[in-house]
Amino acid sequence: MTRGFKILTFQVSVIAAGALMMGVVADMARAAPPAAAASVTIGNFTFNSPTLTVKPGTTVTWTNADDIPHTVLSKDGVFKSKVLDTGDRFSFTFAKAGQFGYYCSLHPHMTGIVTVKA
Amino acid sequence: MFDDLDGDRRGFLKCMAWAGTGALFAFQGGIGSSIGLDAALAAPARHASVQPFTFAQISDSHIGFNKPPNADARATFREAIAKVKALPNRPDFVIHTGDVSQLSRDEEFDDAEQMLKELGLPVFFVPGEHDMLDPDGGKAFLNRFGKGTQGAGWYSFDHRGVHFVALVNVADLKPGGMGNLGAAQLAWLKADLAGRSSSTPIVVFAHIPLWTVYADWGWGTDDSAEALKLLARFGSVTVLNGHIHQITQKIEGKIAFHTARSTAFPQPAPGSAPSPGPLKVPSEQLHSMLGITDAQFVRGHDRIALIDSTLSA
């Protein structure tokens with residue numbers, strides 16, 4: 001009986017701990033909803049999602065998958081990456097609605113546009 | 001401001017010198033002909049009665065590039081320099097048609113400069129888009145290789161009756177566009193050419209081709225037609241470019257165009273691959289696609305032949 005009681009106690013403890021953790025996660029979710037994110041891969045000298053529509057507050061991350069460096073430069077000067085070598089990333093959070101055209105300053109035939117609307 | 005190669009100017013020109021794809025150009029009596037490095041190496045020394053001059057072109061050294069198909073672009077650049085040094089007819093100078101570096105890092109520029117010093121020749125540079133990547137958008141390149149130049153790095157000089165014009169078409173590029181010269185440089189070019197005899201042989205060099213090789217990959221210069229219009233009255237015009245890492249050539253009117261190979265890695269023929277990224281050739285093929293290859297163009301009474309040679313020869 002003693003051993004059975006201990007096992008039961010352990011199981012109850014695990015269940016209680018799990019419930020507690022779930023409660024914590026739920027609290028975290030209420031406090032800070034997961035940030036909206038989107039990604040654009042640069043490959044074969046193109047932005048692979050040349051047109052992208054996101055909600056305000058979304059962070060867009062560009063990743064260069066080419067063997068050649070590229071940049072991400074807003075046409076209106078809103079954002080500007082450093083040179084992105086292979087595997088390098090650049091992120092920008094779009095706080096406000098609008099249309100944001102961009103290009104690669106090394107290879108300006110590479111263009112894209114991010115549309116931000118609620 | 002570079003009227004000749006004599007005197008104090010020579011020191012300046014050494015700073016400006018550039019070496020292209022290893023093509024060798026020979027001017028005889030105002031008529032240009034060019035021979036590749038391999039042919040030049042094989043040829044007996046010229047008779048002293050002829051006083052030709054030669055210069056060499058090196059392009060797209062991409063110092064710092066270390067991915068397939070070339071793990072060490074420094075090594076292949078050193079080989080190209082050794083090839084120029086081994087010429088029986090010593091070139092008067094070398095031109096480098098841009099993309100000296102891969103990422104505009106100081107150590108890349110420094111290594112290129114140190115290796116080029118081994119030539120003991122003046123080198124004239126124009127920047128490629130890879131040389132504009134420092135935080136100040138090209139100042140690192142200009143401070144090292146473009147002292148005394150105009151604007152983003154353009155200039156001209158005369159040598160033995162030939163007028164050389166170095167143009168920059170990698171600055172301030174426009175979204176959706178290709179190479180760009182810009183109004184300020186075109187105004188300078190107009191003034192630079194004004195008053196020169198139409199019989200003066202002209203050599204123009206710039207990084208991106210000054211004609212549209214392939215618009216889908218941005219292989220051209222948006223406002224090059226305005227520059228070519230200014231050059232149209234001259235009897236002999238040779239345009240030397242890099243950027244596309246392969247030999248292409250074309251003759252239009254009195255203007256002969258030629259692009260040089262890279263010393264770092266080849267790129268695909270226009271439209272033959274999904275992108276213009278490095279052509280990942282097997283290592284045993286690499287040297288045959290770098291350096292210089294045979295290239296000749298003949299135009300009217302003036303003849304400028306370019307014979308490029310490869311690093312495998």
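Among the candidates B:Gly242, B:Gly218, single out the residue that is more than 14 Å from every other protein chain (Cβ to nearest Cβ) and within 22 Å of A:Thr71 (Cα to Cα).
Numbers: B:Gly218 fails: more than 14 Å from every other protein chain (Cβ to nearest Cβ).
The conditions single out B:Gly242.
If I ask for residues that are under 24 Å from B:His96 (Cα atoms) and either aliphatic (A, V, I, L, M) or not in a loop (DSSP other than H, G, I, E, B) (or both), which ones from region B:192-214 would you list? Once the filter is applied, which keeps residues that are under 24 Å from B:His96 (Cα atoms) and either aliphatic (A, V, I, L, M) or not in a loop (DSSP other than H, G, I, E, B) (or both), region B:192-214 yields B:Asp192, B:Leu193, B:Ile202, B:Val203, B:Val204, B:Phe205, B:Ala206, B:Ile208, B:Leu210, B:Val213, B:Tyr214. Among the residues here, B:Ala140 does not qualify as over 19 Å from B:Ser262 (Cα atoms), within 12 Å of another protein chain (Cβ to nearest Cβ) and buried (at least 19 other Cβ atoms within 10 Å of the Cβ). A search for C-beta distances below 9 Å between a residue of region B:180-196 that is on the phi > 0 side of the Ramachandran plot and any residue that is among the aliphatic types (A, V, I, L, M), counting only pairs 6+ apart in sequence or on different chains, returns B:Gly182/B:Ala152; B:Gly182/B:Val168; B:Gly182/B:Ala171. For region B:86-120, residues that are closer than 21 Å to B:Phe55 by Cβ and surrounded by 21 or more Cβ atoms within 10 Å (Cβ to Cβ) total 12. For region B:170-214, taking the residues that are out of contact with any strand residue (DSSP E or B) (no Cβ under 6 Å at 6 or more places or on another chain) and among the hydroxyl-bearing types (Ser, Thr, Tyr), the one that is modelled with the lowest pLDDT is identified as B:Ser199.
Residues in region A:94-112 that are within 15 Å of A:Thr63 (Cα to Cα) and more than 12 Å from chain B (Cβ to nearest Cβ): 0 in all.
Quick grid of which residues meet (1) of a type in the set (Phe, Trp, Tyr); (2) at the interface with chain A (Cβ under 10 Å from one of its Cβ atoms):
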| residue | (1), (2) |
| --- | --- |
| B:Asn169 | no, no |
| B:Gly179 | no, yes |
| B:Leu186 | no, no |
| B:Phe205 | yes, no |
| B:Val213 | no, no |
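Scanning region B:86-117 for residues that are modelled with pLDDT under 95 and farther than 14 Å from B:Thr263 by Cβ yields B:Ala86, B:Leu87, B:Pro88, B:Asn89, B:Arg90, B:Pro91, B:Asp92, B:Phe93. Give the residue that is farthest from B:Ile95 (Cα to Cα), with candidates limited to residues of region B:247-295 that are modelled with pLDDT of 90 or more, in contact with a helix residue (DSSP H, G or I) (Cβ under 7 Å, 6 or more places away or on another chain) and among the β-branched types (Val, Ile, Thr). If we take residues in region B:247-295 being modelled with pLDDT of 90 or more, in contact with a helix residue (DSSP H, G or I) (Cβ under 7 Å, 6 or more places away or on another chain) and among the β-branched types (Val, Ile, Thr), then B:Val281 is farthest from B:Ile95 (Cα to Cα). Residue count for region A:58-87 under the criterion of being farther than 17 Å from B:Met178 by Cα and either surrounded by fewer than 16 Cβ atoms within 10 Å (Cβ to Cβ) or away from chain B (no Cβ under 14 Å) (or both): the result is 14. Filtering region A:26-45 to residues that are within 14 Å of chain B (Cβ to nearest Cβ) and at pLDDT below 95 leaves nothing. B:Ala256 - would you say it is away from chain A (no Cβ under 14 Å) and either surrounded by fewer than 22 Cβ atoms within 10 Å (Cβ to Cβ) or of a type outside the set (Phe, Trp, Tyr) (or both)? Judged against the criteria, B:Ala256 is a match.
Condition check for B:Lys147 on (1) among the charged types (D, E, K, R); (2) at pLDDT below 95; (3) surrounded by 19 or more Cβ atoms within 10 Å (Cβ to Cβ): one failure, at (3). Is it the case that B:Ile63 is surrounded by 24 or more Cβ atoms within 10 Å (Cβ to Cβ), closer than 25 Å to B:His163 by Cβ and within 17 Å of the chain's Cα centre (by Cα)? For B:Ile63, the condition - surrounded by 24 or more Cβ atoms within 10 Å (Cβ to Cβ), closer than 25 Å to B:His163 by Cβ and within 17 Å of the chain's Cα centre (by Cα) - is not met.
The values are calculated or read from the model by the stated rules, or taken from the named source; none is laboratory data. Since we're looking at a predicted model, the values are computed, not measured. Glycine gets a Cβ as well: all are built from the backbone with ideal geometry, and neighbour counts include every protein chain shown.
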